[in-house]
Amino acid sequence: ANMGLPVGPNGYLNLTAQYQDRDPTNRSAADPRRQYPLVGGLVDPREASFDRYNHRYGDAATTDYTLFVNAGYDITPDVEFYTFGSYGVRDAESAGFYRRANDSRNRNFSASTTAFVPFYPDGFLPLIVSEIHDVSGAAGLRGDLSGFNYDLSVVHGENSFNFFVENTFNTSIGAPSQRRFDAGRLSFGQTTVNLDLQQTFDLGIGDGLSVAFGGEYRDENFKIEAGDPQSYQAGPFAASPFNAPAGAQVFPGFRPANEVDASRDSKAAYVELESKLFDLLTVQLAGRYEDFSDFGDTLNGKVAARIEPIDGIAIRGSFSTGFKAPSLHQQFYATTSTNNVNGTLVEIGTFPVSSPVAVALGSQPLSPEESTNYSLGATLSLIDGLNITADFYRIDIDDRIVITENLQGAAVVSLLRGAGFNNITSARFFING
C-alpha cells in the first residue's frame, strides 16, 4: 500500500507499507532409518505407521512487516531538506535435522535408571525461530552553494537478529529441561555522516573539468548477547558416564563468554577529477584516504579513460586499488551449530580469532584485504536500435578473509574439552586465506 501527500507548495511526503507471508518449502525424501528402539529385540510396531517425511529441507517460513517513509521540502530555491527511512520486522521459522525416537540425543537421562527412555516418544524436529528487526533513517540538505552542488547527510541503521529454538531440549539437563529457549541476540549498528561537493569549471575545451570532493565519518557497533542459561549450560548428565551433549539442540545459545560489545570508527576524504576533452576522450582520476581506529590508514586511487575515435565505437578501461578492513563480525563472531559433514552430524564451534581456542589452533590477527582492479571494454553503436558492449574485469585480492575448514581430530577434541566445550567436536575461525 502506498500513499503520497503534499506538504505545502514546496514539499512531499510518501508512505509505503508492505506485508508478506511465505510458507516453507520442503524437498526432503522419506527417512528409511529405524525410528524406535527395539522392543525385546524386535522391531517396534509403530515403524509401520510412522510418517517418514520427518525432515524439512528448503526455504524457511517467513512473515514480513515493513514501513517506509520518503519526504522532502524546498527550504529555499537553492536548499532542499530530504529524509527517508524504514522499519521492518521479519518472523521466520526453519528446521534442523530430525532426531529419531532412538537417537541418543533424544534420551531422557535419569540418575535412577540406565534404560533408554525417549524425551520425545516419537522423536522431534527442532526449530530455529528468529525475529529480525531492521531500522534505518537518513536526513540531509542538498543544493547549490557558490556554484558548488553539495549534499550533507546523516544516516543511521540498526539490525538485530533474535534467535529462539523450539520443539527441542537440553539433553544434559534431562526431564527438567525447557522445550523453548531464547538462544541470544546479534545486533549491528552504523552511523555515517557524509559531505559531498561538486562543480564543473570551464577550461575552454571539451565539457570542462568536473571537480568533486568530500568527507565521511562512520561509527560501527557489533553486539552478541547471551541466551537463557539452559540454552548453553552443561547439566548434570554432561559428565561421565552419561556424556550427554550440552545446550539447546540444533542451536546452543550464545554463552556469556561469547558476549561482545565492540565498536570502531573511521574517517575518510576523497577527491575526483573528470573531463571530456575534444569530444573523443574522457579521463577520470580519483583518490581516497581513510583512517580506521583499529586498522590504521590507507590511500587508494583510480584512473579511468574512455576514447571514441569514431562516432559509435568507443574503448574504455580503468585501474584502481581497494582496501577492506576486517568487519567487526569477522573479528568477534562466535556460535555453535549442528552441521552435516559427509553424512555425519557434527557439533561445530565458530570461535573469534582472538579466543584461546582459535589461537591454540593457529589463528593470527586478521589483516585488511587489499585489491587491484582492472577493466577493459568496448562499445559499438553503429546501427540504430542496436548497442553492443563487451567488458573484461580482473580483481586480484591479497589476504582475502575466509573461514577455515572444520578442524577435527583427537587433538582438536582434547583442546575443546580442556576449554570446557564438552559437546563440540570441531572448530573453525576466520583467517586471511
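The values are calculated or read from the model by the stated rules, or taken from the named source; none is laboratory data. This is a predicted model, so every value here is computed, not measured. Every residue, glycine as well, gets a Cβ built from its backbone with ideal geometry; the counts of neighbours run over all protein chains shown. Surface accessibility is based on the protein's heavy atoms, side chains included, excluding ligands, DNA and RNA. Shrake-Rupley method; radii C 1.70, N 1.55, O 1.52, S 1.80 Å.
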What are the extents of the Cα atoms of segment 100-199 along their three principal axes, in Å, largest first? 86, 21, 14
Name the residue, out of Leu415, Leu366, Leu328, whose mean-square fluctuation peaks in a Gaussian network model built on the chain with Cα pairs under 10 Å. Leu415
Name the residue farthest towards the positive end of the dipole of segment 292-364 from the options Thr336, Pro356, Asn300, assuming +1 on Cβ of Lys and Arg, -1 on Cβ of Asp and Glu, about the Cα centre. Asn300
Points 7 angstrom from Cα along the Cβ direction at Ile395 and Ser381: gap in nanometres? 2.7
For segment 332-398, compute Rg over Rh where Rg is the Cα radius of gyration and Rh is the Kirkwood radius from the inverse mean 1/r over Cα pairs. 1.35
If one computes the Cα centroid of segment 214-277 and of segment 303-365, what distance in Å separates the two points? 16
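Please state, rounded to one decimal and in Å, the Kirkwood hydrodynamic radius that the chain gives when every pair of distinct Cα atoms enters the mean of 1/r.
26.8
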Using only Cα positions of segment 207-292, each an equal point scatterer, no hydration layer, compute I(q)/I(0) via Debye at q = 0.25 Å⁻¹ and quote the log10 values to two decimals. -1.11
Please work out the Cα center distance from segment 1-50 to segment 372-394, rounded to the nearest Å. 43
Heavy atoms of Ile310 accessible to a 1.4 Å probe, total area in Å² rounded to 10: 100
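Run the helix sum for the chain: -39,500 (n - 2.57) per DSSP H stretch of 4+ residues, divided by residue count, reported at 222 nm to the nearest 500 deg cm²/dmol.
Numbers: 4 runs with 23 residues, N = 433.
One gets -1000 deg cm²/dmol as the mean residue ellipticity at 222 nm.
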Number of Lys-Lys pairs in the chain under 26 Å by Cα, sequence gap 8 or more or different chains? 6
Part-to-part distance (alpha-carbon centres) for segment 98-116 and segment 123-188, which is given in Å: 35
Per Stokes-Einstein, at 25 °C and 0.890 mPa s, what whole-number D in µm² s⁻¹ belongs to segment 247-338, with the Kirkwood radius over Cα pairs as the hydrodynamic radius? 139
Among the Cα-Cα pairs of segment 1-129, the proportion with separation greater than 22 Å, in percent, is 62
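Compute the length gained on full extension between Leu152 and Ala139: take 0.36 nm times their separation in residues and subtract their Cα-Cα distance, giving the result in nm to one decimal. Display every interim value, and only then the final one.
On the way: separation 13, 0.36 × 13 = 4.68 nm, distance 0.85 nm.
Contour length minus Cα-Cα distance gives 3.8 nm.
Hey, got the dipole for the chain? About the Cα centre, +1 on K and R Cβ, -1 on D and E Cβ, debye to the nearest 20?
Values: 31 positive and 51 negative charges, 492 e Å.
For the chain, the charge dipole is close to 2360 debye.
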Once the whole set of protein chains is in place, how much accessible area is left on Leu42, using a 1.4 Å probe, in Å² to the nearest 10? 120
Can you bin every Cα-Cα distance in segment 156-268 into 5 Å intervals starting at zero and give me the percent of pairs per bin, rounded to whole numbers? 2, 11, 14, 12, 10, 8, 7, 6, 6, 5, 4, 4, 3, 3, 2, 1, 1, 0
Heavy-atom accessible area of Val155, protein chains in place, probe 1.4 angstrom, given in Å² to nearest 10, is 50
Report the full-extension gain for the segment Lys267 to Ile132: residue separation times 0.36 nm, less the Cα-Cα distance, to one decimal in nm. 45.6 nm
